[in-house]
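Asks: Encoded as structure tokens, here's the structure I'll be asking about.
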Amino acid sequence: MASIAAAAALASGAGGTATASASAIAEQMMMGREYAALGSYETALTYMEAAAAAMLRAAKEDEAPGAHDTWMAARQQCQMEARLLRELVKELGALRRAPGTDAGSYAEAKGITGGEAELVELIERDILERDPGVRFEDIAGLEEAKGLIQEAVVLPLVIPGYFTGIRRPWRGVLMFGPPGTGKTLLAKAVATECETTFFAVSSSTLTSKWRGESEKMVRILFDMARHYAPSTIFIDEIDSLASARGGSSEHEASRRVKTELLVQMDGVASSAATKASSGDAGSDGEEAAAGPQVVVLAASNLPWELDEAFRRRLEKRIYIPLPAQADREALFRLNLRSVVLADDVDLASLAARTEGFSGSDLTNLSRDAAMMAMRRILAGLREEGLPLAEFALRVKAVQEETKPPVTQQDLEDALRKCSSSVGGSDLERFEKWMDEFGSA
């Protein structure tokens, strides 16, 4: 850890906070290596990724001469170790059973038949995902958000014995920010990395035309999550499901669903708190962590519309901002990794000119640029009266023979046609809400 030691030496000259930061990062790396030596590669990886994220923050904040380069060199070393751990976790993961499958069928275990069995089948078909297949390394940027989510959600699932008593895990986490910034991907990455059963929910999946059925679906959903624990319940666009109660236009059915959802979310949180604080728990806290682990992750583009009771139950509220310039460049590389890029392509320049673009906007721009070469082929081969089947064969032959790369001009043309989907006034509103209600 020579690079960490060098950073710590620099930080000691800056005093207080910087020294503490270097010490905490060194501790994280040491813990990661100790867990790796014990064969707990997933826990080791979590510590290493948290250390890498902390190093990035330190590089931005440490103003000591030469500190930025020293921190970035240390981060590169940490990322190399994390990459090796990730490969080990991936290889071992292929040998494991899918999460939740050892719990058996929920309907069979509970002896459910009739109408409720149909609701269970609906949830298993439309909501339940065994393995979302998204990992944190698949998401470009958002290092600070990843670190916060790993601390709030991933670590308690990986080392539950530590998160007891006052350190009991957060049972409700809200990710809010502009649309298209990767909130859904982050939720799926949590489920994949922790090997939890993933329930993806929206207002439409919990809506039924039959009286009382929506509330019943909410109850069954949480009961299934406890049955298949450890579980992650992800509620997308929660503002549409949990808006402020008591309005004159609020329908009775909507109010009943909100009430049931509040009761179930309270049950998830209070059961954990009761176990963690009860006198029956052992001195090491193992008894406290023995209950079913269910985490509620929610995402919202309109957090100010949330009912305050839901806001209270979503204890950790994390802002997912638009990507910074370095993150935008990383997103371009990630989006264009499957196509050939011409030598003149300058992604750094493109990233500098896409301030205010969301991750979704950048993906759309990349897709449009990747199609430019095909459009040139189409324009050159199009003939009046040529049958479509023959035209398609000609296009395929030319494309396979030439494999035209994506050029800088393609990206420039795509940029002229694409624009940001997020307004400046919207960003101000998110930042104001973060200052008032955020907890990260």
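Asks: List residues of the range 314-329, by number, whose backbone nitrogen lies under 20 Å from a label position 7 Å along Cα→C-beta of Glu412.
Replies: Only 329 pass the distance filter.
Asks: May I pose another question? Which order do the peptides 63-70, 347-354 come out in when sorted by mean C-beta neighbours inside 10 angstrom, highest first?
Replies: Per-residue Cβ counts within 10 Å, averaged per peptide and sorted highest first, yield 347-354, 63-70.
Asks: How big is D for the range 129-218, in µm² s⁻¹ as a whole number, if Stokes-Einstein is applied with the Kirkwood radius of its Cα pairs at 4 °C and 1.567 mPa s?
Replies: Details: Rh = 14.9 Å.
Calculated translational D: 87 µm²/s.
Asks: Still on this structure, please answer the following. Applying a 10 Å radius around every beta-carbon, put 418-429, 214-225 in order of their mean neighbour count, most first.
Replies: 214-225, 418-429
Asks: Extending each Cα 7 Å along its Cβ direction at Val263 and Glu213, get the distance between those two points in nm, one decimal.
Replies: Output for this residue pair reads 2.0 nm.
Asks: Report the label-to-label distance for Val89 and Ala324 in nanometres (one decimal), using points 7 Å from each Cα along the Cα→Cβ vector.
Replies: 2.3
Any read-out appearing in this document is the output of simple, stated calculations on the displayed coordinates, not a laboratory observation. Predicted, not measured: the structure shown is a model, and the values here were computed from it. All Cβ positions, even for glycine, are placed from backbone atoms using ideal geometry, and neighbour counts span all protein chains on display.
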